[in-house]
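See below for the structure under consideration.
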Amino acid sequence: MGETPKKRLNIQELISGIVNGDIVSLSKAITIIESDNINDKSDSNKIISSCIKEKSNSIRIGITGVPGVGKSTFIETLGDHLTSIGHKVAVLAIDPTSSVNHGSILGDKTRMSTLVNNKNAFIRPSPTSSHYGGVAKRTRESIILCEAAGYDIILVETVGVGQNEISVSEMVDFFLLLKLSGAGDELQGIKRGIIEMADAIIINKADGDNIENSNKAKSEFAMAIKLYPIKKSKWTPKVMTCSSINSSGIKPIWELILEYISVTNENNFFNQNRKNQNKYWLLQTINDKLQSNFFGNEKIKKELEKQYNLLDKNKTTPFAAAEILLKI
């Protein structure tokens, strides 16, 4: 006897489950939209189309910082605070994917042991899959699903390698940069572009013997920020200190985010920014699709190998090779 065919998910039931806040339905739906299986594309589009119609007054917050800065502890402490004052929090934690075997650590659920058991929180670790910007390939769509499920605060954690963080800044309302004092990277080791994107710089682990160093780092960053041009949001980025371990500084950080939302709602930047982000992701999706179709073409694959060989023998140039490939 053959194996029993796998039961096909009822997409309409799945969508109803999401809208009713069912975590199992939400998890299954995110798995479908993350899938590269061609058979899941239609279901994925149906899910997203339905979920995007659901009204949401959400706040999307991007959180980045180098490994070891304490992102997971910070997110857990912030998430605990937000749920304690009546919010529903979704954490889209981006796990680094191995460049060797393409596996992912998926350790955020174990690092956020308290938040993972909080009925008003949803944590979804996703592998980066080497996607540009340190953000999982379908994070943008996952945000829409979480909002449809009733989560009004979306926290998006990036890999935090200090490069190409533009992807996360293009899908959130507020971009938060976590830093450490005394790590030798206060101002010298930080990329200019990340400071320009940041709406707040938070010096984490400001506790014990590190309080003095943290305050010094805070002053240095506050001075540096003044040298940057005024942001389109008309918001002046703030620098604060906090300790995720003892929760000090967490409440003022949330109040700062609310102040930002108030300012950008008043000057209409908030809504305009989301509209611009939609346009950005439209173009990004088109680029991704064109690239995927191009390199998936069998004729292109064969010609590409041929051009590689010609390049190795100095019989062509990258520009001439590109012209040939683009004419196929």
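The values are calculated or read from the model by the stated rules, or taken from the named source; none is laboratory data. This is a predicted model, so every value here is computed, not measured. All Cβ positions, glycine included, derive from the backbone under ideal geometry; neighbour counts span all protein chains shown.
Data table
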{"item": "Every pair of residues 6+ apart whose Cβ atoms lie under 8 Å, when the first sits in the range 302-316 and is among the acidic types (Asp, Glu) and surrounded by 14 or more Cβ atoms within 10 Å (Cβ to Cβ) while the second is in a helix (DSSP H, G or I) and modelled with pLDDT of 95 or more", "result": "GLU303/ILE324; GLU303/LEU325"}
{"item": "Selection count where residues are over 18 Å from SER262 (Cβ atoms) and either basic (Lys, Arg) or not in a strand (DSSP E or B) (or both), scope the range 57-76", "result": "12"}
{"item": "Exclusive hit being in the same structural domain as ILE203 (by TED's automatic domain parsing), modelled with pLDDT of 90 or more, within 16 Å of GLU141 (Cα to Cα) and surrounded by 21 or more Cβ atoms within 10 Å (Cβ to Cβ), set LEU26, LEU92", "result": "LEU92"}
{"item": "Number of the condition not met by LEU256 [criteria: (1) under 20 Å from ASN204 (Cβ atoms); (2) outside any helix (DSSP H, G or I); (3) free of Cβ contacts under 8 Å to residues at least 60 places away in the same chain]", "result": "(2)"}
{"item": "Selection within the range 42-66 - out of contact with any Gly (no Cβ under 6 Å at 6 or more places or on another chain) and among the β-branched types (Val, Ile, Thr)", "result": "ILE47, ILE48, ILE52, ILE59, ILE61, ILE63"}
{"item": "Candidates GLY70, GLY79, GLY17, GLY2, filtered to the one that is modelled with pLDDT of 80 or more, small (Gly, Ala, Ser) and not assigned by TED's automatic domain parsing to the domain that holds ASP152", "result": "GLY17"}
{"item": "Flag for LEU227 being exposed (fewer than 15 other Cβ atoms within 10 Å of the Cβ) and within 22 Å of the chain's Cα centre (by Cα)", "result": "no"}
{"item": "Selection count, the range 263-286, where residues are modelled with pLDDT of 90 or more, touching a Lys or Arg at 6+ places or on another chain (Cβ under 8 Å) and among the aromatic types (Phe, Trp, Tyr)", "result": "1"}
{"item": "Options ARG111, ARG138, ARG124; residue that is in contact with a helix residue (DSSP H, G or I) (Cβ under 7 Å, 6 or more places away or on another chain) and modelled with pLDDT under 70", "result": "ARG111"}
